[in-house]
2 protein chains.
Amino acid sequence: MNSGRCAACKYLRRRCPKDCIFSPYFPPTNPQRFSCVHRIFGASNVGKMLQQLPEHLREEAADTLYYEAQCRIENPVYGCVGIITQLHEQINDAERELARAQAQIAFHQHSPHPQPQQQVQVEVSESADITDSSWLEQNEFDSSALLSPLDSTWFF
Amino acid sequence: MNSGRCAACKYLRRRCPKDCIFSPYFPPTNPQRFSCVHRIFGASNVGKMLQQLPEHLREEAADTLYYEAQCRIENPVYGCVGIITQLHEQINDAERELARAQAQIAFHQHSPHPQPQQQVQVEVSESADITDSSWLEQNEFDSSALLSPLDSTWFF
């Protein structure tokens, strides 16, 4: 029921062919979606990237390209990578909190009489204190498969 | 000491002007860095994005663009978003583990006699069980500032 041109063909002021690569993923009802990916990746690159994928994966690829483009427009310096940095910090926070909780459990398990109100002093590794982007050099979490593009060095 | 053309100008087979926007961030010694961002974003878009930023932020922008481009080449469907998904899953795992540990601490604190070997049954919210990309609709973590581009809906 695709009467009329898709958002991409409208934007590019061209006829929308029957086999238009953009048409299924950039409906005319959401012109902002196309203008966003066009601004960051360029229509030609988006078309190429979709074309290189099997059809059943194109929708997800279009969605993630749109997401990345939005991130880059909102945050022109860091884009998506800003979110990745933030999530790494959250993981470090959670791991620190977990280490504290586990030390407290160990204390309770080895204490002959429970002392509910006692303060437990917990040693947490200094390396877990993330105040800058030093997590880039660390690799404490197990996401090697997804982080593989950069191996141990992140940007360089 | 930039004798010769930068990687971008070499790739584009053009003279490298003195004020070349690519030159400081795409040295001729690393041609792969430029070809990577060119393949995903296009040279013209990369140039525009750098030009729109104050000079002191351009290097970081070039680094994150390179990172994103590498991710997209490695993972043409999800790109960087694949890493974000993975990190969300890690955060959910850590939060579940923390909830278990905290319940165990509460058990110890309320138990009159410590029973180190006793199994503690912990109720963990079913919503924390991430087996697909349902975290996209959740927003349990506090990263609203960085996740703002998409507000509560992620891709659509």
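The values are calculated or read from the model by the stated rules, or taken from the named source; none is laboratory data. In this text, all values refer to a predicted model and were calculated from it rather than measured experimentally. Reconstructed Cβ throughout: ideal geometry from the backbone, glycine too, with neighbour counts over all protein chains shown.
Residues being of a type in the set (A, V, I, L, M, F, W, C) and assigned to a helix (DSSP H, G or I) are entirely absent from the range A:11-25.
For every residue, the table says whether it meets (1) within 9 Å of another protein chain (Cβ to nearest Cβ); (2) assigned to a loop (DSSP other than H, G, I, E, B); (3) modelled with pLDDT under 90.
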position	(1), (2), (3)
B:Cys36	no, no, no
B:Asn45	yes, no, no
B:Met49	yes, no, no
B:Glu60	yes, no, no
B:Gly82	yes, no, no
B:Ala99	no, no, no
B:Ile105	yes, no, yes
B:Val122	no, yes, yes
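The C-beta contact set for the range A:83-102 (first residue over 19 Å from B:Ile105 (Cα atoms), second residue in a helix (DSSP H, G or I) and of a type in the set (Val, Ile, Thr), distance under 9 angstrom, 6+ apart or interchain) comprises A:Ile83/B:Ile84; A:Ile84/B:Ile83; A:Ile84/B:Ile84; A:Leu87/B:Ile83; A:Leu87/B:Ile84; A:Leu87/B:Ile91; A:Gln90/B:Ile91; A:Ile91/B:Ile91. Counting the residues of the range A:1-60 that are under 20 Å from B:Lys48 (Cα atoms) and out of contact with any helix residue (DSSP H, G or I) (no Cβ under 9 Å at 6 or more places or on another chain) gives 1.
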